[in-house]
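Right, one structure below, let's go through it.
The values are calculated or read from the model by the stated rules, or taken from the named source; none is laboratory data. Bear in mind the structure is a predicted one, so any value in this text is a computation, not a measurement. Ideal geometry is used to build each Cβ from the backbone, glycine not excepted, and the neighbour counts take in all protein chains shown. Remember, those area values only see protein heavy atoms, side chains included, never the ligands or the DNA or RNA. Shrake-Rupley method; radii C 1.70, N 1.55, O 1.52, S 1.80 Å.
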Amino acid sequence: MIDLHVLWLAGITLFAAVVNGALGYGFSSLTVPLALLFMSNRVLNPALVLIEVVLNAYVLWNNRAAFGAVWRRVLPIVIGLVPGIVVGTAIVSQVNPAWLRFGTFTTLLPLILVQAAGYRRPIQAERAAGLVFGGGLGVLYSVTTISGPPLAIVLNNQGLAKKDFRAALGVIRLAESSMTAVAYAYVGLFTATSLALIPWIVPSILIGVPIGAFIIRRVAAETFRRICMSFDAWVVGFGLSRLLNELGLVVGSPAYTVLVMTALIDTWLLFRFFSAGSSASARATAGLAASSDAAYISKADVRGAGSI
């Protein structure tokens, strides 16, 4: 008999693969918060890491033309990943699963909301900051298999063009997933239970990634990204509320205050995002109308001048 949790995982990863196919990242960011509602990091992470090695290699291959322009800029981050992954792998192998999920959700929620708020602040000392950032990213990825939100914030802050952004993302994520796979193998995290999840996830990726690539050609990338982040924030808020109750930190309905606060903040950010988009569209329309009126007046003046 097929485990219902495995079927849920197949559906979740299909949705996450569509997002990844559209944006170049987001597979783990969506899969992990949902899947952790019914399984532990120790079971889920090893399966996702092996799959992401292949998925990230595919992203980098598709954007290989921009590799030469970005590899020097991302090298400090890649070097910084090494100690972070060692520390993160030790945490996964030793920390209680419930507390590990709690730490994962607590870390993810502010990252998602900061990205949803459109925070931008370019870093001047890029190399030095890259080493420090890489260390933190290595811990985050090896514990949660998630790095998309902080990576997107940093790479967007540094003003990379679309192709350079996706190539840089591919380089860093291939490095982190490959090194984490080696670290997991060393401490014996690849179990039969984890590996058994892979045949249920791979078909979702094969179907979902091309669908995502098709969708993004017809939908504004920023709008699609923002809706996915909103969904992610609500899931993480719900998961965190549940764990507060489960761990006895906050008992009963007050635990769901986190979910309510997350929903209120995200609703406000969504309203601000779409209001800004509507205002920009209105300004563009007004500018086009003004240009048309000016052109019409100019032609009328020329005709009038010619008749004098």
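Here are the numbers:
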quantity	calculated
In sequence order, calculated HN-Hα J values of region 216-233 (Karplus, 6.51, -1.76, 1.60; Hz; x Gly/Pro)	5, 6, 10, 10, 4, 4, 5, 5, 4, 4, 5, 5, 5, 5, 4, 4, 4, 4
Rounded percent of accessible protein surface that carbon and sulfur make up, region 161-204, 1.4 Å probe	71 percent
Accessible surface of region 45-92, 1.4 Å probe, proportion on carbon and sulfur as whole %	76 percent
Cα→Cβ-extended label distance, 7 Å offset, between Ala57 and Val132, nm	3.5 nm
All-pairs alpha carbon distance profile, region 1-155, 5 Å steps from 0, percent	2, 8, 16, 21, 22, 17, 9, 4, 1, 0, 0, 0
Förster radius 41 Å - calculated FRET efficiency between Val251 and Lys162, Cβ distance, rounded to 0.05	0.30
Label point at Ile198 placed 7 Å out along Cα→Cβ; residues across region 54-81 whose backbone nitrogen lies under 13 Å	54-55
Per residue solvent-accessible surface (Å²) - region 137-241, probe of 1.4 Å	39 Å²
